[in-house]
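The values are calculated or read from the model by the stated rules, or taken from the named source; none is laboratory data. Predicted model only: the values in this text are computed from it and were never measured. Cβ coordinates were reconstructed from backbone atoms using ideal geometry, including for glycine residues, and neighbour counts include every protein chain displayed. Just so you know, the surface numbers come from the protein's heavy atoms only, side chains and all, with ligands and any DNA or RNA stripped out. Shrake-Rupley method; radii C 1.70, N 1.55, O 1.52, S 1.80 Å.
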Amino acid sequence: MIIRRAIRYNCRTLTNTSPNASPTPVDSGTGLIRGLSFTSAAALVVGSMIGTGVYLKAAVMSQLVGSPALVLAAWGAAGFLSLCGALSFAELGAMMPRAGGLYAWIRSAYGNGPAFLYGWTAAVVLSAGNSALGVGLATFLSAIIPMPGIWAEANFQSLGFHWQVGPREGIAVLAVLVFGAINCLSVAFGGRVQFVLTLAKCLGLGMIVVGAFFFADTGSPSHFTAPPEFRWTGFQAFGAAMLAALWAFDGWCFMPMAAGEVKDPGRNVPRALILGVFSVWVLYSLANLAYFWALPFSEIVSANSTLFRDALPVAAKTAQTFLGVKGPAIVSAIFMISAAGALNGVLLSIARVPFAMARDGLLPAKLGEIHPKSRVPVVSIAAVAVWSALLALSGTYDQLTDMTIFAEWIFYALAVSIVFRLRRTLPDAPRPYRTFGYPVTPAIFFCGAAFLVGNTIVTRPLESAVGLALIATGLPVYWWYRKSASRPLDTAH
């Protein structure tokens, strides 16, 4: 019954976005303005994906698998898995284009409990992704402006965790809060900002690729050869490398969270998802080929990571091969734009989840309010931004990203299962887009997600435990709201 009501609701929503609709269509369920065009939606996908990971993660991946070929294979596998996920999400996003994305889909198929846990995870755990982007932005800024000194630190040797706070973390907090403020303006303005930042970051990444292949003095095919000491480290290490690459690909799932503000969502949501993910996959493949062409493997292994915190990022080292000693500083500006674009897009998207939860009576009503002038959920945006800023003080870039990806992929698997569920329970429901390659495509994604979650528990026990603990903190909150809500929980969607 809940699913059937969801489909009827979204049929009404799609009607509001027909060619004869008003120039500024409104989502009938929330009152949000559908101000994101196809261009803005595609920029939201690409801009949320291309952040800091593609410039940093090759180092930790090389440390894990010990071979250029295996690093490139991990990038390829992560890209293919992400595309399978995007193809599956495209069907759900076109069928149920509501604010909250995965939250709305899970609630329609499985009810309030699982949906609340996802929404709680998005607001509490996935905000670590915003924090990691802020930390990445600060890391790149440090190549231009030295940031010596540490304000506070602690070493938890038994847990393998070193915590520190200094100027970089301060810059990360500031960046998160600034883009939180930007997102409090209209969604159309946020979409235009996203398009400009996405275009700039794509041009910047393209400059590194072209420079490395055509102007690097050190370029050599011998760099693709495995070092003499190479030994196969097993599927667990390869899975951990894939997890690192998936952080760089992560972001394609965020645009559907803002689907309630996309014009003509039945058409634009699938197009933006599929085109965006495929384009990023091509760009990432070229970028990593460029790194290994320009740099010896030993230089990539020793690039910036948790093991080498003061080293240059692998992309900055690559730029140095064709721009000289000033290369890292010049290219760091490009990296900062990239991190800023991803931060803007992720904040815009994630803030719609607590907004949707509040509208359903699962969080304080204040989070579900829309500002009368900007027509965006200002309180929800502010709450996510402040929490993300606090998380920026909690750990290193790699620890934040591993915790984020682990928690996300638990719910990605659950969301893809909805494609199978709705095909069985509602075979004749309107589907503006049907998943290409069904049922193989979503099955590949589901199995890949299950493997990565299990592998992370084994290879990253601390980050996994923290992620699971933060998810579990949503249970008492949900039970309390269920018991003390002044009105019955809304199940009409």
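What number do you get for region 231-334 when its Cα radius of gyration is normalised by 2.2 N^0.38 Å, N = residues?
Normalised by 2.2 N^0.38 Å, the Cα Rg of region 231-334 equals 1.38.
Taking the Cα-to-Cβ direction at F235 and at I457 and moving 7 Å from each Cα, how far apart do the two end points lie in nm?
In this crude label model, F235 to I457 measures out at 1.6 nm.
With every protein chain in place, what's the accessible area of D310 (1.4 Å probe, Å², nearest 10)?
So the heavy atoms of D310 present about 150 Å² to solvent.
Helix 440-459 versus the longest principal axis of the chain: what angle, 0 to 90°, nearest 10, using Cα atoms?
Here the helix axis deviates by roughly 60 degrees.
Under the definition of Cα pairs under 8 Å and six or more residues apart, what whole-number percent is the relative contact order of the chain?
In percent, rounded to a whole number, it is 33.
Expressed as an acute angle from 0 to 90° and rounded to the nearest 10, what is the orientation of the C-alpha long axis of helix 378-391 relative to the principal long axis of the chain?
Helix 378-391 sits at roughly 30 degrees to that axis.
Using a 1.4 angstrom probe on the protein heavy atoms only, line up K263, K373, K326 by accessible area, largest first.
Most to least solvent-accessible, the answer reads K373, K326, K263.
Can you give me the angle between helix 167-182 and the longest principal axis of the chain, using Cα atoms only, in degrees from 0 to 90, rounded to the nearest 10?
Tilt of helix 167-182: around 30 degrees.
Under a 1.4 angstrom probe, counting protein chains only, how are S142, S131 ranked by accessible area, largest first?
If we order S142, S131 from most to least accessible, we get S142, S131.
Suppose R0 equals 60 Å; then what is the FRET efficiency for L475 and F215 from their Cβ-Cβ distance, rounded to the nearest 0.05?
After rounding to 0.05, the efficiency reads 0.60.
Along each of the three principal axes of the Cα atoms of region 274-368, give the extent in whole Å, ordering the values from largest to smallest.
55, 32, 23
What is the spin-label model distance, in nm, from R267 to T39 if the labels are put 7 Å beyond Cα along the C-beta direction?
Taking the two extended label points, one gets 1.6 nm.
Please give every one of the lysines within straight-line cross-link reach of K366, meaning a C-alpha to C-alpha distance under 27 Å, and leave out same-chain neighbours fewer than 8 residues apart.
List returned: K263, K483.
State, as an integer percentage, the relative contact order of region 149-298 based on alpha-carbon contacts under 8 Å between residues 6 or more apart.
29
Per residue, how much accessible area does the chain show when a 1.4 Å probe rolls over the protein heavy atoms, in square angstrom?
37
Report, by chain and number, residues whose modeled amide H sits under 5 Å from the one on N304, excluding near sequence neighbours (fewer than 5 apart, same chain).
L312, V314
Within the chain, what whole-number % of the accessible surface is contributed by carbon and sulfur, with the 1.4 Å probe and all protein chains included in the calculation?
Using a 1.4 Å probe with all protein chains present, the chain comes out at 69 percent carbon and sulfur.
Using only helices, what value at 222 nm comes out for the chain when you add -39,500 (n - 2.57) per DSSP H run of length 4 or more and divide by the total residues, to the nearest 500 deg cm²/dmol?
One gets -22000 deg cm²/dmol as the mean residue ellipticity at 222 nm.
What dipole magnitude, in Debye to the nearest 20, does the chain give about its Cα centre under +1 on Lys/Arg Cβ and -1 on Asp/Glu Cβ?
Approximately 1680 debye in magnitude.
What lysines sit close enough to K317 to cross-link, taking a C-alpha to C-alpha distance under 16 Å and skipping anything fewer than 8 places away on the same chain?
Reachable lysines: K57, K326.
Can you sort L246, L475 by 1.4 Å-probe accessible area, starting with the largest?
L475, L246
For an R0 of 41 angstrom, estimate the FRET efficiency from the Cβ-Cβ distance between M207 and A181 and round to the nearest 0.05.
For R0 = 41 Å, the calculated efficiency reads 0.85.
Taking R0 as 22 Å, what FRET efficiency do you get between L390 and L468 from their Cβ-Cβ distance, rounded to the nearest 0.05?
That pair, L390 with L468, gives E of 0.65.
Just read off the accessible area of T52 with the full protein assembly in place, 1.4 Å probe, to the nearest 10 Å².
Around 0 Å² of this residue is reachable by solvent.
From the P(r) of the chain, can you give the percent of Cα pairs sitting at distances over 41 Å?
15
What is the Cα radius of gyration of region 193-236 over 2.2 N^0.38 Å, N being its residue count?
Scaled against compact globular proteins, the figure is 1.84.
Can you tell me how much longer the chain between R309 and F80 gets when fully stretched, taken as 0.36 nm per residue apart minus their C-alpha distance, in nm with one decimal?
79.4 nm
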